[in-house]
Amino acid sequence: IDIIDINLITNYETKTIYAIENELIQVFINLINNSKDMFIKNKINEKIIKINTFIEKEYFKIEFIDNAGGIKKELLSRIFEPYFTTKHQAQGTGIGLYMSMKIVKQHLEGDIEASNIKFKYKNREFKGAKFTIKIKNKGLL
């Protein structure tokens, strides 16, 4: 087991989501584990994961942002493909993000997107990946 210190920064706007709880939790775990793996791979000392939730127009959005260096531009369009992985065979199968995308699209009737981002925290600039889950407000309270 890898034990690493991660600064978790949260900014929540609360919303009730009607979904199978374990599936949504699995999506969150996949995103956090991918960040953790990249922190280790890229030897990041100050590890940050920001989780934001907010309402924007007709969507409830959940953002996962890390400072693990981001995703290579040429790989960004492929990360949700089944069996696509940048990890060693013993570390991953390449289905985590694919399954996360399937859960969000099929069970939450939403969407998930990935991009690279730069952000400031404690007057320092960081670079990382941002995953945004968008869920239509119709199924929410």
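The values are calculated or read from the model by the stated rules, or taken from the named source; none is laboratory data. Values in this document were obtained by computation on a predicted structure and should not be read as measured data. Positions of Cβ are backbone-derived with ideal geometry, glycine not excepted, and every protein chain shown enters the neighbour counts. Side chains are part of the model used for accessible areas, which takes the heavy atoms of the whole protein and leaves out ligands, DNA and RNA. Shrake-Rupley method; radii C 1.70, N 1.55, O 1.52, S 1.80 Å.
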- Tally the DSSP beta bridges in segment 1-120 and give the antiparallel ones as a percent, rounded to 5. 60
- Query: When only the heavy atoms of the protein chains count and the probe is 1.4 Å, how do Leu76, Leu24 rank by accessible area, highest first?
  - Reply: Leu76, Leu24
- Message: At most 13 other C-beta atoms within 10 Å and a DSSP loop state: those are the exposed GluC sites (Glu not before Pro) I care about. Give me the longest piece of the chain that has none.
- Response: 59-108
- Task: Tell me what the chain gives for mean residue ellipticity at 222 nm when only DSSP H runs of n ≥ 4 count, each as -39,500 (n - 2.57), the sum divided by the residue total, rounded to 500 deg cm²/dmol.
- Result: -7000 deg cm²/dmol
- Message: Tell me which chymotrypsin sites (Phe, Trp or Tyr not before Pro) from segment 55-128 have a DSSP coil assignment and no more than 16 other beta carbons within 10 Å of their own.
- Response: Tyr83, Phe84
- Query: In nm, what is the difference between 0.36 nm times the number of residues separating Thr85 and Ile32 and their Cα-Cα distance?
  - Reply: 17.5 nm
- Rounded to the nearest whole Å², what accessible area per residue is found for segment 100-141 with the 1.4 Å probe? 59
- The FRET efficiency for Lys122 and Lys57, from their Cβ-Cβ distance with R0 = 41 Å and rounded to 0.05, is 0.85
- Largest-first ordering by accessible area, 1.4 Å probe, given options Arg124, Arg78: Arg124, Arg78
